[in-house]
Amino acid sequence: MKRAVIAVVLLFVSLGGWGGSARAADQSFSWDGVVVLVDPNAMGAIHGDVVEGVTTFSGFFVYPDACGIGCIIEPFGPDETNYVFPNGLGGLVGGGGTSLGVESSVNIINDQLVDQDSVDAAALLGLTLTLGQTTDVWSAASESAGEFTPAFVDWNVEYIYSTSNPFSNTDYVSSPPPNPDLILFAINQDDGNVFFAFGEVTSVPEPGLGLMLGAGLLGLACTSRLRRLGHDEGSSRR
């Protein structure tokens, strides 16, 4: 009975917000995409059963609509800020594997110079970028447990704006601005040493609908948290 009650509480927290955060609601969305490039794909890759141009990936992110209590702000120079939510959720399915996120984050990039790697990657997805031009980028991300281990997986979805300039700074924005020029996803395992893949996102429901579409993964994530909670509770009794 106690586990059932905790599971309901965890689900409520996931859907309705984390105590102490100053916000009205959580943001969430799910996404689907087709992988375009995979390199590397080494032994031990969790999502390594892929065929370029064929294999699909799906995922979701859950995060607050404001950077309140518990939000960690990570500035990266004047043109990029990352907002980390340690109690966020995420999920990733594809390539023969499933990863559950133990946190989520939102990254804001304002007027970042395009480098050659970005030019080459965008070209594979049908977007022409020019070396030295600036872009704005909104992205959401999540990651599994086990950072700094070979099994660590992180993934993100990026909204790239090359013909418009929606940001004037890197203040927190909970939803991506409209009319992106490209929406892509990227997946790393062990910081790209075991597995790296990226591709074009083909379907992104409106924010708020993703929780319904990602309900199965959300249930798995809550179950995972329940198990960790039970383990911690057991450890505290010993």
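Coordinate-derived values only; no laboratory data. Every value quoted in this text rests on a predicted model; they were computed, and no experiment measured them. Don't worry about glycine lacking a Cβ; one is built from the backbone with ideal geometry, like all the others, and counts go over all protein chains shown.
Structural remarks
- Search result, residues across the range 69-86 that are touching a residue at least 40 places away in the same chain (Cβ under 8 Å), touching a Gly at 6+ places or on another chain (Cβ under 8 Å) and surrounded by fewer than 15 Cβ atoms within 10 Å (Cβ to Cβ): Ile69
- With respect to being over 22 Å from Asp171 (Cα atoms) and surrounded by 13 or more Cβ atoms within 10 Å (Cβ to Cβ), Leu89 falls outside the description.
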